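Data block below; observations after.
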Ligand SMILES: NC(=O)c1ccc[n+]([C@@H]2O[C@H](COP(=O)([O-])OP(=O)(O)OC[C@H]3O[C@@H](n4cnc5c(N)ncnc54)[C@H](OP(=O)(O)O)[C@@H]3O)[C@@H](O)[C@H]2O)c1
């Protein structure tokens, strides 16, 4: 691959910072790297491969000479600046939800539907973080036995709501231990010694937007437009890495032993399933790691034929930065 001129939009954020780790770790061929954010962090310097790079203010001229722009600054910024980046000749890999359900925009998890990038017209969307972790585990099961329905509950880390939310989790726990009140801003509810069943806003039918993303994005990535996916998304006082409890109904029976073998050999998945030795996926073990870990596999008791399992993965890494860099590599 020829070295590329790369820009990161949202370089000071939780995902933006992780981009730097992933680009360096994967030895992505970089001719130049431009770091962009809001005026709040302009002038800060960030270490990258032995250099100290400045963060610049995002503006209309930011994409001159850029080949690949990795966007991670929210939907409004993507809607405004992705067309500007395209007009300057850059291909955009977008981490926000702005373009994910646009039929003209590929929504890609490279281990699952890499062929989808071929049809891009300048923008490729990176799926929702919980959805990426889920489809990595669903894909080998679907190929072997056909997916009929999915019921999933998420246990989402504070960092899923950004850098400020991660800091708020720490400060609010410290305040609680001192017996002091704490007024959260980035998080929707108190998270110290608490969990709450709301990620994103509520929709008229009682589901949240995050739960809708898990339904519609899973359908688009797997190419299963009618797949029922019933999600409940919950914020938990974990700093980094999402976990999910998943029950699937299959078209054909699939033994637990066969499912284990399929998952052990699936790209992007790590089988972690030895309950007798207390081996199962946990967020604390997945921070900074690439695969999604799957375990607690058992025959479903309600959805039949089916399987029930648990997974955990780093939503900043595979759920955001790594998946986006893998898309850039495909491009
Ligand atoms: N956190 C996750 O686990 C995760 C996973 C998948 C996808 N995503 C998506 O990735 C995006 C970023 O999430 P995050 O968690 O990294 O959020 P974050 O920690 O709050 O970072 C937001 C970044 O966007 C920048 N930004 C905000 N408004 C801007 C503007 N008007 N112009 C230029 N830069 C602006 C911020 O710059 P300043 O620091 O200068 O304000 C910061 O660099 C969101 O779309 C989110 O939905 C997040």
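In deg cm²/dmol, rounded to 500, what helix-only [θ] at 222 nm does the chain give when every DSSP H run of at least 4 residues adds -39500 (n - 2.57) and the total is split over its residues?
Helix-only estimate at 222 nm: -8500 deg cm²/dmol.
Of the candidates 47, 305, 114, which one comes out as most mobile in a Gaussian network treatment of the chain with C-alpha springs shorter than 10 Å?
47
Once you've got the GNM for the chain with C-alpha springs shorter than 10 Å, pick whichever of 126, 277, 86 has the biggest mean-square fluctuation.
Comparing 126, 277, 86 in a Gaussian network model of the chain, the most mobile one is 277.
Please give the length that would be gained between residue 302 and residue 289 if that part of the chain were fully extended, namely 0.36 nm times their separation in residues minus their C-alpha to C-alpha distance (nm, one decimal).
1.4 nm
As a footprinting exposure proxy, order 48, 202, 19 by other Cβ within 10 Å, with the fewest listed first.
202, 48, 19
Over all directions, average the projected area of the Cα convex hull of segment 131-315 and note it in nm².
One quarter of the hull surface, i.e. the mean projection, equals 11.5 nm².
Order of 220, 185 from fewest to most other C-beta atoms within 10 Å?
Ordered from fewest to most neighbouring Cβ atoms within 10 Å, 220, 185 come out as 185, 220.
Please give the helix 209-222 orientation as an angle from the longest Cα principal axis of the chain, in degrees from 0 to 90, rounded to the nearest 10.
80
Sort 205-215, 168-178 by the packing proxy (mean of other Cβ within 10 Å over each peptide's residues), most packed first.
Highest mean packing first, the order is 205-215, 168-178.
Between Rg and the Kirkwood Rh of the chain, both from Cα atoms, what is the Rg to Rh ratio?
0.97
In degrees from 0 to 90, rounded to the nearest 10, what is the angle of the helix 163-177 Cα long axis to the longest principal axis of the chain?
60
Between the helical axis of 75-87 and the dominant principal axis of the chain, each derived from Cα atoms, what acute angle in degrees is found, rounded to the nearest 10?
With rounding to tens, the tilt is 60 degrees.
Tell me, what is the percent relative contact order of the chain, built from C-alpha pairs under 8 Å that lie six or more residues apart?
That works out to 18 percent.
How do 261, 111 line up, fewest other C-beta atoms within 10 Å first?
Ranking 261, 111 by Cβ neighbours within 10 Å, fewest first, gives 261, 111.
Quick one: if the Förster radius is 51 Å, what FRET efficiency do residue 44 and residue 252 give, using the C-beta to C-beta distance and rounding to 0.05?
That gives a FRET efficiency of 0.40.
Pick out which of 249, 164, 80 has the largest mean-square fluctuation in a Gaussian network model of the chain, springs linking Cα atoms closer than 10 Å.
Of 249, 164, 80, the most mobile in the Gaussian network model is 80.
Quick note: the coordinates plus some simple rules give every number you see, no bench work behind them. Small disclaimer: the values here were computed from a predicted structure and weren't measured. Virtual Cβ from ideal backbone geometry, glycine too; neighbours counted across all protein chains shown.
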